[in-house]
Amino acid sequence: MVTSSAPGKVYLFGEHAVVYGEPAVPCAIERRARVTAREIDEGLRIHSEDLKLDGFTVEYDGDGAGRPDVDASEPLLEAAMGYVNEAVAQVRDAADVPDAGFEIRIESDIPLGAGLGSSAAVVVAAIDAATRELGVELSAEAIAERAYQVEAAVQDGEASRADTFCSAKGGAVRVEGDDCRTVEGVDNLPFVIGYDGGAGDTGALVAGVRSLREEYDFAADTVRAIGDIVREGESVLGSGDYETLGDLMDFNHGLLSALGVSSRSLDSMVWAARDAGAMGAKLTGAGGGGCIVALDDTDDALTALKYTPGCESVFRAELDTDGVRQE
Ligand code: MEV
């Protein structure tokens with residue numbers, strides 16, 4: 001039996017623009033998914049208790065024909081099971097054991113569907129744990145590649161490498177198209193995360209930005225300007241100049257808002273954090289709902305967000321320089 005864990009992530013800069021070839025900087029956070037894999041004779045048994053699915057346990061054969069008996073939305077369950085099925089297919093392929101059976105237990109303290117890369121963290125940890133269980137040790141890069149293939153399969157090809165690479169490698173990473181690399185020299189970023197309890201529809205939000213960009217040159221310019229923010233941000237990232245990073249996060253949020261992907265609750269959490277003295281704050285991920293990330297090394301933004309209407313939970317999550325690891 002092997003347990004592995006992998007971190008979730010926030011976007012320091014660059015979501016949405018990354019879809020059009022601009023760079024983005026996702027950062028791993030100290031919130032992890034843990035997956036335990038045990039080889040069994042055949043089929044798959046999956047147990048999950050902390051995926052905001054109210055807990056589900058499912059037993060099914062290798063065809064994925066079984067269905068869990070829980071009160072959770074069908075699309076959410078389909079997605080969760082789809083990720084695990086595809087991850088196991090990657091494991092069987094990597095270890096060259098096409099009929100390997102597994103019992104898999106998933107625990108995660110990353111809210112599901114909130115833009116914090118929960119599915120990528122589960123997939124990365126699952127691939128690491130299950131391949132190790134079969135006696136195969138993959139590099140973080142190989143796990144990132146296989147996890148990306150999983151996300152691409154489940155999301156009909158609409159996946160970026162950002163979440164899976166960041167989760168596998170940890171730290172701050174830079175993603176531009178297929179080029180993914182670690183940003184060296186970044187070992188501390190004091191993140192505070194506010195969560196409105198909801199989730200945006202990533203597909204619809206990406207489509208909305210795409211049509212604005214096609215219709216208006218100034219929207220295309222806005223996407224390019226986000227890329228400029230990322231390039232500027234990269235150059236100060238290792239310096240510990242949080243004030244400048246915060247200013248750039250504020251600017252990035254403004255441009256995302258102009259592209260129509262913020263929401264009332266995200267804006268009010270962003271403003272609560274800024275009013276409390278955070279160095280910067282922005283939405284993270286696709287937007288429409290979900291999470292904001294603020295940069296604050298005091299407790300002030302955390303306290304302010306606790307009392308902000310629309311903020312369902314708030315937590316501190318430092319940069320996690322560790323990627324996937326065996327527990
Ligand atoms: C969603 O977490 C991030 C987006 O940039 C979409 C993507 O990169 O696939 C909005």
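Condition first: farther than 30 Å from D275 by Cβ, surrounded by fewer than 19 Cβ atoms within 10 Å (Cβ to Cβ) and without any contact (Cβ under 8 Å) to a residue 40 or more places away in the chain. Can you find one or more residues in the stretch 158-180 that meet it?
Yes - at least one qualifying residue is present in the stretch 158-180.
Is it true that some residue in the stretch 205-213 is within 18 Å of the chain's Cα centre (by Cα) and within 11 Å of the ligand (Cβ to nearest atom)?
Yes, the stretch 205-213 contains a residue that is within 18 Å of the chain's Cα centre (by Cα) and within 11 Å of the ligand (Cβ to nearest atom).
Could you list, in sequence order, the residues of the stretch 112-171 that are away from the ligand (no atom under 16 Å from the Cβ) and farther than 20 Å from T182 by Cα?
Passing the criteria: A126, I127, A129, A130, T131, R132, E133, L134, G135, V136, E137.
Considering only strands (runs of 3 or more DSSP E) fully contained in the stretch 18-81, which possess at least 1 residues that are in the same structural domain as D178 (by TED's automatic domain parsing) and modelled with pLDDT of 95 or more?
Counting at least 1 such residues, we get 25-40.
Do we find a residue being modelled with pLDDT of 95 or more and on the phi > 0 side of the Ramachandran plot anywhere in the stretch 94-104?
yes
The values are calculated or read from the model by the stated rules, or taken from the named source; none is laboratory data. Just so you know, these numbers come straight off a predicted model, no measurement behind them. Cβ sites come from the backbone with ideal geometry, for glycine too, and all protein chains shown count toward neighbours.
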